[in-house]
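Okay, so here's the structure we're looking at.
Computed from the coordinates by the stated procedures, all read-outs in this text should not be read as laboratory data. Note that this is a predicted model, so its numbers are computed, not measured. Cβ coordinates were reconstructed from backbone atoms using ideal geometry, including for glycine residues, and neighbour counts include every protein chain displayed.
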Amino acid sequence: MNLVEQTLTGVPGNPLANLRRADSLWQQYKDNSLSSSEVIHTTEAALGSVDWDVVVCGGTLGIMIGAALARRGWRVALLERGVLRGRDQEWNISRAELLVFRELGLLSEAQLEQAIATEYNPARVSFLGAEDVWVRDVLNVGVDPVFLLETLKTCFLEAGGQLFENTAFEQAVVHPDGVAVQAGQPFHARLLLDVMGHFSPIVAQARQGQQPEGVCLVVGTCAQGYPPNQTGDLLVSFTPLQRQCQYFWEAFPARDGRTTYLFTYADADPERPSLEALFADYLALLPEYQQVELDQLDIQRALFGFFPCYRQSPLQLPWSRILAVGDSSGSQSPLSFGGFGAMVRHLPRLDAGIHQALETHSLEQRALARLQPYQPSLAVTWLFQRAMSAGVNQKLDPDQINSLLGAVFKCMEGLGDPVLRPFLQDVVQFWPLSRTLIRVSLRHPGLVARIIPQVGFPALGDWLGHYLRLGLYSGLNSGAGISQFWRSSLAPAQQYLCDRWLDAWKYGSGNDYPPSSNHSDKFF
């Protein structure tokens, strides 16, 4: 038995078999051999009547938007292929972001506090050969998914929503006046929300076998036996480039141990390592990373997966009456894993937007596409992902990525929390980004020069366009208040479109970030 087999054999949940199933799917992505079924059909025939306003497919994160819409009085059916229950592993987020649940009336203050399983401070950002950077109150709260989902389920049901467990989506037919969803039984609704995640069959049909331009591979464990440590790691790299991958680490205190992840950014080239090979490297490097021997650890859970990312995101589905939400929509940046944090970030926007779409009957494809608009704040991060990775046959100095990131984060630290903190929470804003670029260029011109051949001129040119639009969206968002003077004179359907532009400017400029002040007393 190899090290991975020895380590995972006996861990609850049969992780070795699950790891190899995930690897089989990852291999299909690398081989470009994914097959997709035609699960969405269209017809010009009228449906006639509907029983639901909204059918939500995918309960784990779908319960959030389902509960919000049910509280607004809409008839919501939530379909979950298994039993709706949160996993045992905490979801890490910041306390300020959690306030969304209270603001939407989904959780009380007491329930929010009870949902927090762990909390720690500070957190570290560290790269080989560079000084550590420490921050507070960033991804420092571990939420108990079991309690959170159970509480949201109660809220959903009390608001009149209906939950259908062990009910897997099969297919749907889009009619001019509704959508007929088949999931063991028929569900006729005005709108279908796809919250089934990265590997949704609806998304697979919409993507038509397209290979992802970026992938995040991640493996890890939650284990007991570590030395006492109430700090966390947000982004740590202590090794040079290997396997043509730059390895990054995260670590968080957990209720039943300590969670550690190894992740790397890559493309879907056939020569990229398997998840099992990555897990072997994780186990080999973990003792050095956490200063502990493997035989001292009692592994509670093994964690692994891969997350595809597409430049054509957020995804605007080609059909009326169907909207992709959460990871299905690709609304996270290529630096983020998406999931819980990305869903929470966009929950207020989606709740208000979907409510307004239902009220104004704005359910045709073009109207729903406005709910997943282009966001330059996400698009600019493609260059960062490229700078944090290496091509399979690319010749790079093994320490180049660490040197660049060490310099960039030290510059951001010098510019203060308004620059550093949003970026660590996957939010990019025009002025903080501009200040960082100026400071890095002035202080480390040699590093910047080495990055240009790494990412290539086409990528730089593409990035420049997104960067300029980020500035434009920031300016438009600053003047958005003017629109309130004439918005009330518009018809409801036009108000819906106007509000979607306002949302696009706000989120597309990164100005949805919770802290109200984005200013720093240091320019460069």
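Worth pointing out:
- Radius of gyration, Dmax [region 1-146; alpha carbons; angstrom]: 21.6, 67
- Estimated FRET transfer efficiency when R0 is 45 angstrom, pair residue 448-residue 6 (beta carbons, to 0.05): 0.50
- Each residue of region 284-290 was assigned a 3J(HN,Hα) from its phi angle through the Karplus curve 6.51 cos²θ - 1.76 cosθ + 1.60 (θ = phi - 60°); the sequence is 5, 8, 4, x, 5, 5, 10 Hz, with glycine and proline shown as x.
- Annotation: average projected area of region 411-521 is 8.6 square nanometres, based on the convex hull of Cα atoms across all directions.
- Space enclosed by the convex hull of the alpha-carbon atoms of region 1-40, per residue, Å³: 85
- ³J(HN,Hα), Karplus 6.51/-1.76/1.60, whole Hz, each residue of region 4-20, x for Gly, Pro: 5, 4, 4, 6, 8, 5, x, 6, x, x, 6, x, 5, 5, 5, 4, 6
- The chain: translational diffusion in µm²/s, Stokes-Einstein, Kirkwood Rh over Cα pairs, 37 °C, 0.692 mPa s: 136
- Local electrostatic count at residue 165 - Lys and Arg +1, Asp and Glu -1, tallied over other residues with Cβ under 12 Å: +2
- Debye log10 I(q)/I(0) for region 1-81, one point scatterer per Cα, at q = 0.15 Å⁻¹: -0.87
- Once both labels are positioned 7 Å from their Cα atoms along Cα-to-Cβ, the gap between residue 438 and residue 21 label points is 5.3 nm.
- Radius 12 Å from Cβ of residue 242, net charge of other residues (Lys, Arg +1; Asp, Glu -1): -1
- More than 15 Å apart - percent of Cα-Cα pairs taken over region 194-262: 67
- Across region 304-388, Cα-Cα pairs farther apart than 23 Å form 24% of the total.
- With each label modelled as a point 7 angstrom along the Cα→C-beta vector, the residue 238-residue 37 pair spans 4.7 nm.
- Eigenvalues of the alpha-carbon gyration tensor of region 313-466, scaled by 5 and square-rooted, set the equivalent ellipsoid semi-axes at 35, 18, 13 angstrom, largest first.
- Value of D in µm² per second that Stokes-Einstein yields for region 341-421, Kirkwood Rh from Cα pairs, at 10 °C (1.306 mPa s): 96
- If the segment from residue 485 to residue 85 were pulled out straight at 0.36 nm per residue, it would be longer than the present Cα-Cα gap by 139.4 nm.
- Two-site FRET efficiency, residue 177 against residue 393, from Cβ-Cβ distance with R₀ of 35 Å, rounded to 0.05: 0.05
- ³J(HN,Hα), Karplus 6.51/-1.76/1.60, whole Hz, each residue of region 425-441, x for Gly, Pro: 10, 6, 10, 10, 10, 4, 5, x, 5, 4, 4, 5, 4, 5, 5, 4, 5
- Each semi-axis of the equivalent ellipsoid for region 235-353 is √(5λ) with λ an eigenvalue of the Cα gyration tensor; in descending order they amount to 33, 19, 12 Å.
- Calculated FRET efficiency, residue 296 to residue 136, Cβ-Cβ distance, R0 = 25 Å: about 0.25 to the nearest 0.05.
- Proximal aspartates and glutamates to residue 30, defined as alpha-carbon separation beneath 14 angstrom and excluding residues fewer than eight positions away on the same chain: 213, 267, 269, 271
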